[in-house]
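Enquirer: Before I ask anything, here is the structure I am working with.
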Amino acid sequence: MKLNFEHHQTAHCENGVASNLLLNKGLKLSEPMIFGIGSGLFFVYLPFLKVNFAPGFSYRPMPGAIFSKAAKRLGIKIKREKFSNPKDAQKALERNLEQNIPTGLQVGVFNLTYFPEEYKFHFNAHNLVVYGKEEGNFLISDPVMDYVTSLSESELEKVRYAKGALPPKGHMYYPIYVPENINLEEAIKKGIKDTCKNMLAPVPLIGVKAMRWVARSIPKWAEKKGSKVTNHYLGQLIRMQEEIGTGGGGFRFIYGAFLQEASVILKNDQLKELSKEITAIGDLWRDFAVDIARVYKNRNSKSNIYQELSKTMLHIADLEEAFYKKLRNAI
Amino acid sequence: MKKQDLPQDESNLKSANMTEVLYVTDENDNYTTANSTGWDAKKAALDESMELIHERIQDAKQNVANNIASPIVYFMELNKMDLPVLASYVGMWQWRVKRHFKPGKFKTLSETTLKKYADAFGISVDELKNFDGK
């Protein structure tokens with residue numbers, strides 16, 4: 001059984017699944033639109049939560065938040081189900097396929113057989129769509145892949161029941177109601193306002209303030225923990241920033257694409273200018289990643305290198321703060 | 001980032017025959033998407049992380065050989081796990097798992113407990129028991 005489902009490769013898994021599932025329901029929204037309306041741009045620093053032996057940084061909100069927020073703002077209803085028993089989870093998925101419903105799943109990436117070895121980590125907030133079952137294998141549309149793939153029953157069960165932080169517990173979701181008339185303008189405005197609110201939040205763990213905290217910590221790590229540990233922490237920062245198209249630079253570019261689309265829909269030229277501004281900031285994030293990579297390769301052995309990285313990141317945080325303030329006033 | 005500036009470096013994506021999508025701007029500053037085979041800066045970060053894991057695996061192996069650590073530590077590292085992840089896979093408290101890291105304690109474990117670990121690592125109980133790090 002193979003449902004009529006179009007696979008589109010996207011930069012980020014959650015937007016991609018959302019965009020692909022909605023397209024299947026007849027609603028054509030680009031990946032950047034979902035990302036922008038769902039307020040996907042984010043930054044959080046969790047110094048006490050260790051992931052892969054480094055502090056937790058995240059350039060994205062909690063898994064599922066982008067699609068949930070976007071759906072709420074567009075008036076779409078999504079059904080979400082979790083199962084304590086893996087067999088029930090499989091049955092429910094098969095029931096959906098029989099009813100012609102392509103279904104989104106939250107999965108862990110460690111056991112995703114088609115991923116390159118280096119991407120297999122105990123990270124449980126990946127998303128994909130199951131769109132059929134043939135010869136005992138589930139047909140998989142993983143939005144970060146160029147092509148569609150498949151997983152056996154036991155392989156799929158493994159990734160749906162991955163353990164560790166944020167376990168999926170068989171989590172599956174699918175849109176059950178899409179309104180006929182969608183107020184895109186209102187949804188876009190809400191999405192933008194929420195992003196500005198988060199990024200300018202007056203708490204040290206979130207948004208621009210969190211970026212500054214990380215930036216100021218870089219030289220302190222070097223002092224207290226030595227360069228090896230610091231480099232590993234910085235590596236974590238790049239991986240979170242740029243892993244499979246997500247995070248720092250990548251996310252800013254998706255947001256730039258969103259603002260460009262939004263400027264046409266809202267007939268607001270200011271957003272077009274701001275799109276260029278966030279694109280330039282995205283470029284700076286990428287330059288920052290290159291600077292960090294250079295530290296690894298020890299091409300830059302200047303003793304104040306960590307001070308400089310810290311300064312660069314503080315500078316980006318300043319630019320971002322100015323950007324969100326302008327954006328808030330532009331709508 | 002301009003479309004023509006998108007790096008096309010050789011990367012880990014190649015092993016899975018993958019590319020990644022990025023949002024880039026064209027000559028008129030309009031957004032579009034383009035595929036990339038990889039980027040050196042990101043590869044450096046991934047390589048560093050893999051190297052660290054590799055080191056940890058080697059250390060664990062040595063510690064098992066020297067009878068400082070139980071095979072559980074080695075297979076935990078081999079599966080890129082840490083204590084919280086492993087504890088969650090075997091469904092035991094972290095402090096209990098930690099005790100099983102000791103070779104002496106490991107030898108007293110029941111088949112049922114060993115089976116939980118073996119399943120978490122995707123190996124047989126014998127493979128787990130007989131690993132000597134040499």
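The values are calculated or read from the model by the stated rules, or taken from the named source; none is laboratory data. Since we're looking at a predicted model, the values are computed, not measured. Because the Cβ atoms are built from the backbone with ideal geometry, glycine has one as well, and the counts that use them run over all protein chains shown.
Enquirer: Regarding region B:58-69, can at least one residue be identified that is on the phi > 0 side of the Ramachandran plot and within 22 Å of the chain's Cα centre (by Cα)? Spell out how you get there, then give the answer.
Expert: Applying the first criterion (on the phi > 0 side of the Ramachandran plot) to region B:58-69 yields B:67.
Imposing the further condition that a residue be within 22 Å of the chain's Cα centre (by Cα) reduces the set to none.
The answer is no; no qualifying residue exists.
Enquirer: Name the strands (runs of 3 or more DSSP E) wholly within region A:16-120 that hold at least 3 residues that are within 14 Å of chain B (Cβ to nearest Cβ) and basic (Lys, Arg)?
Expert: On the way: elements: A:44-51, A:54-58, A:77-81, A:103-107.
Because the criterion is at least 3 residues that are within 14 Å of chain B (Cβ to nearest Cβ) and basic (Lys, Arg), no strands (runs of 3 or more DSSP E) in region A:16-120 meet it.
Enquirer: Checking A:ILE182 against (1) among the β-branched types (Val, Ile, Thr); (2) at pLDDT 95 or above; (3) surrounded by fewer than 19 Cβ atoms within 10 Å (Cβ to Cβ), which single condition isn't satisfied?
Expert: It is condition (2) that A:ILE182 fails.
Enquirer: Kindly evaluate A:SER303 against the criterion of being at pLDDT below 90 and either not acidic (Asp, Glu) or not assigned by TED's automatic domain parsing to the domain that holds A:TYR255 (or both).
Expert: Working: at pLDDT below 90: yes; either not acidic (Asp, Glu) or not assigned by TED's automatic domain parsing to the domain that holds A:TYR255 (or both): yes.
Against the criterion (at pLDDT below 90 and either not acidic (Asp, Glu) or not assigned by TED's automatic domain parsing to the domain that holds A:TYR255 (or both)), A:SER303 qualifies.
Enquirer: For a quick check of your reading of the model, give me the residue pairs whose first member lies in region A:126-149 and is within 13 Å of chain B (Cβ to nearest Cβ) and crowded, with 20+ Cβ neighbours inside 10 Å, whose second is of a type in the set (A, V, I, L, M, F, W, C) and assigned to a loop (DSSP other than H, G, I, E, B), with beta-carbon atoms closer than 7 Å and at least 6 apart or on different chains.
Expert: If the second residue must be of a type in the set (A, V, I, L, M, F, W, C) and assigned to a loop (DSSP other than H, G, I, E, B), the pairs left are A:MET145/B:MET18.
Enquirer: Turning to a different aspect of this structure: Only one of these conditions is not met by B:PRO71: (1) crowded, with 21+ Cβ neighbours inside 10 Å; (2) under 26 Å from A:ASN111 (Cβ atoms); (3) at the interface with another protein chain (Cβ under 9 Å from one of its Cβ atoms); (4) not polar (S, T, N, Q). Which number is it?
Expert: (3)
Enquirer: Looking at region B:99-118 only, could you name the residues that are closer than 14 Å to B:ALA60 by Cα and either surrounded by fewer than 17 Cβ atoms within 10 Å (Cβ to Cβ) or within 12 Å of chain A (Cβ to nearest Cβ) (or both)?
Expert: Hit for region B:99-118 is B:LYS102, nothing else.
Enquirer: Of the conditions (1) within 28 Å of A:VAL203 (Cβ to Cβ); (2) surrounded by fewer than 18 Cβ atoms within 10 Å (Cβ to Cβ), A:LYS79 fails just one. Which one is it?
Expert: (1)
Enquirer: For B:GLU127, which of the numbered conditions (1) under 28 Å from A:VAL109 (Cα atoms); (2) surrounded by 18 or more Cβ atoms within 10 Å (Cβ to Cβ) fails to hold?
Expert: In the conditions (1) under 28 Å from A:VAL109 (Cα atoms); (2) surrounded by 18 or more Cβ atoms within 10 Å (Cβ to Cβ), B:GLU127 misses (2) alone.
Enquirer: Can I ask one more? Give A:VAL290, A:VAL264, A:VAL295, A:VAL229 a once-over and let me know the one that is part of a helix (DSSP H, G or I) and modelled with pLDDT of 95 or more.
Expert: Working: A:VAL290 fails: modelled with pLDDT of 95 or more; A:VAL295 fails: modelled with pLDDT of 95 or more; A:VAL229 fails: modelled with pLDDT of 95 or more.
So the residue among A:VAL290, A:VAL264, A:VAL295, A:VAL229 that is part of a helix (DSSP H, G or I) and modelled with pLDDT of 95 or more is A:VAL264.
Enquirer: If the Cβ limit is 9 Å and pairs must be 6+ apart or interchain, which residue in region A:22-33 that is closer than 12 Å to A:ALA71 by Cα pairs with which residue that is acidic (Asp, Glu)?
Expert: Listed pairs, sorted by first residue: A:MET33/A:GLU261.
Enquirer: Whether any residue in region B:32-44 is more than 11 Å from every other protein chain (Cβ to nearest Cβ), at negative phi and loosely packed, with under 15 Cβ neighbours inside 10 Å is what I want to check.
Expert: No.
Enquirer: Could you say which residue among A:GLY207, A:GLY249, A:GLY282 is in contact with a Gly (Cβ under 6 Å, 6 or more places away or on another chain) and modelled with pLDDT of 90 or more?
Expert: Values: A:GLY207 fails: in contact with a Gly (Cβ under 6 Å, 6 or more places away or on another chain); A:GLY249 fails: modelled with pLDDT of 90 or more.
Result: A:GLY282 is the single residue among A:GLY207, A:GLY249, A:GLY282 that is in contact with a Gly (Cβ under 6 Å, 6 or more places away or on another chain) and modelled with pLDDT of 90 or more.
Enquirer: Just one of A:LYS50, A:LYS72, A:LYS28 is outside the structural domain of A:LYS158 (by TED's automatic domain parsing) and more than 30 Å from B:GLU48 (Cβ to Cβ); which is it?
Expert: Numbers: A:LYS50 fails: more than 30 Å from B:GLU48 (Cβ to Cβ); A:LYS28 fails: outside the structural domain of A:LYS158 (by TED's automatic domain parsing).
Just one listed residue meets the conditions, A:LYS72.
Enquirer: Would you check if A:ILE37 is buried (at least 22 other Cβ atoms within 10 Å of the Cβ) and at pLDDT 95 or above? Show your work before the answer.
Expert: On the way: buried (at least 22 other Cβ atoms within 10 Å of the Cβ): yes; at pLDDT 95 or above: yes.
Criteria met by A:ILE37.
Enquirer: Considering only residues of region B:67-106 that are in contact (Cβ under 8 Å) with a residue 12 or more places away in the chain, part of a helix (DSSP H, G or I) and basic (Lys, Arg), which is nearest to B:GLY133 (Cα to Cα)?
Expert: My answer is B:LYS105.
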